[in-house]
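Right, one structure below, let's go through it.
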Amino acid sequence: MSSIRLFILGSLAQRGEMHGHQLKLLAEQEHVHMWTDISVGGLYGALKRLHAEGLIADVRTEQAGNFPARQVYAITDLGRGALTTLRREGLSEFTLRPDPFDLALTRLDPDRLDSLPEVINARVAMLRELLETTVTSTRRARPYLSLAEVFALEHREQRLLAEIDWHENLREALPDIVADETARTHLPPHQPPPHSKDCSQQ
């Protein structure tokens, strides 16, 4: 499911004809870079692709003062059909992307285990700062948001809160993790760690 296609087609369907700069301003106003995987800088390229596929059509050219002429686009019937599919996919799919942190956590440097608490503390601080920024942005934008948009932004807040809670539990378990990693590094070659199981016996 392409978020940027959903954003463009959905915006044109809801707000009517727009040019690329208007879509860019809308994306910035809604802070889509904070709660979607949309790159604001990728809007113009996406517009060209949608136009080539016949999902949007150029309806006229606008020019204000000395600014460059801008092509105004409208969604087509084919685009509305694609939008229906994108909406359905967006509302039904669940995305849980792997976090590189998890892999790094299972491949720790045995010579730098003493720095692990500092690394995790910095990560928790970063997450808390991100949460604070998100809450502040949502509070400022709230008067201009629809109820659905409020829930969408609150979804990000709840995800961040869950991340912080998990990291706090991880921080409490760090002494045990360090002890476990230390024990593993002193095992004889080719000997499995004590808590591993022979898959053939399961």
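Find the residue count for region 146-161, including only residues that are open to solvent by less than 40 Å² (accessible area, probe 1.4 Å) and over 16 Å from the mean Cα position of the chain (by Cα).
Filtering region 146-161 for residues open to solvent by less than 40 Å² (accessible area, probe 1.4 Å) gives 150, 152-153, 157, 160.
Right, trim to over 16 Å from the mean Cα position of the chain (by Cα) and you get 150.
Summing the residues that are open to solvent by less than 40 Å² (accessible area, probe 1.4 Å) and over 16 Å from the mean Cα position of the chain (by Cα) in region 146-161 gives 1.
Checked against (1) in a helix (DSSP H, G or I); (2) open to solvent by less than 40 Å² (accessible area, probe 1.4 Å); (3) hydroxyl-bearing (Ser, Thr, Tyr), residue 44 passes all but a single condition, namely (2). Taking (1) touching a residue at least 24 places away in the same chain (Cβ under 8 Å); (2) within 27 Å of residue 139 (Cα to Cα); (3) open to solvent by 60 Å² or more (accessible area, probe 1.4 Å) in turn, residue 14 satisfies each apart from (1). Pairing residues of region 34-47 that are free of Cβ contacts under 8 Å to residues at least 60 places away in the same chain with residues that are open to solvent by 70 Å² or more (accessible area, probe 1.4 Å) and part of a helix (DSSP H, G or I), at Cβ distances under 8 Å and at least 6 apart in sequence or on separate chains, gives 39/33; 40/28; 40/33.
Restricting region 1-18 to residues that are in contact with a helix residue (DSSP H, G or I) (Cβ under 9 Å, 6 or more places away or on another chain) and outside any helix (DSSP H, G or I), which is nearest to residue 96 (Cα to Cα)?
If we filter region 1-18 for residues that are in contact with a helix residue (DSSP H, G or I) (Cβ under 9 Å, 6 or more places away or on another chain), which is where we start, we get 1-13, 15, 18.
Filter once more, keeping what is outside any helix (DSSP H, G or I): 1-2, 18.
Values: 1: 13, 2: 15, 18: 33 Å.
Within region 1-18, the match that is nearest to residue 96 (Cα to Cα) is 1.
Matching residues to (1) acidic (Asp, Glu); (2) under 30 Å from residue 29 (Cα atoms); (3) part of a loop (DSSP other than H, G, I, E, B); (4) modelled with pLDDT under 90:
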residue: 115; (1), (2), (3), (4): no, no, no, no
residue: 139; (1), (2), (3), (4): no, yes, no, yes
residue: 183; (1), (2), (3), (4): no, no, no, yes
residue: 193; (1), (2), (3), (4): no, no, yes, yes
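All of 30, 53 fail the test of being of a type outside the set (Gly, Ala, Ser), under 21 Å from residue 155 (Cβ atoms) and surrounded by 12 or more Cβ atoms within 10 Å (Cβ to Cβ), apart from 30. Which residues, taken from region 101-140, are over 28 Å from residue 8 (Cβ atoms) and either open to solvent by 100 Å² or more (accessible area, probe 1.4 Å) or of a type in the set (Lys, Arg) (or both)? Residues satisfying the conditions are 103, 107, 111, 112, 114, 118, 123, 128, 129, 132.
Of the set (1) part of a helix (DSSP H, G or I); (2) modelled with pLDDT of 95 or more; (3) more than 30 Å from residue 160 (Cβ to Cβ), all apply to residue 21 but (2). Regarding region 66-83, can at least one residue be identified that is under 30 Å from residue 159 (Cβ atoms) and either within 20 Å of the chain's Cα centre (by Cα) or open to solvent by less than 70 Å² (accessible area, probe 1.4 Å) (or both)? Among the residues of region 66-83, at least one is under 30 Å from residue 159 (Cβ atoms) and either within 20 Å of the chain's Cα centre (by Cα) or open to solvent by less than 70 Å² (accessible area, probe 1.4 Å) (or both), which makes the answer yes. When region 139-158 is filtered for residues that are touching a residue at least 12 places away in the same chain (Cβ under 8 Å) and over 22 Å from residue 90 (Cα atoms), the ones remaining, listed by number, are 141, 144. Remark: pairs (first residue in region 71-96, closer than 14 Å to residue 3 by Cβ; second residue open to solvent by 80 Å² or more (accessible area, probe 1.4 Å); Cβ separation under 6 Å; 6+ apart in sequence or on different chains) = 89/1; 90/1; 93/1.
The values are calculated or read from the model by the stated rules, or taken from the named source; none is laboratory data. On a predicted model such as this, the values are computed, not experimentally measured, just so you know. Every residue, glycine among them, receives a Cβ derived from its backbone with ideal geometry; neighbour counts consider all protein chains shown. Side chains included, ligands, DNA and RNA excluded: accessible areas come from the protein's heavy atoms. Shrake-Rupley method; radii C 1.70, N 1.55, O 1.52, S 1.80 Å.
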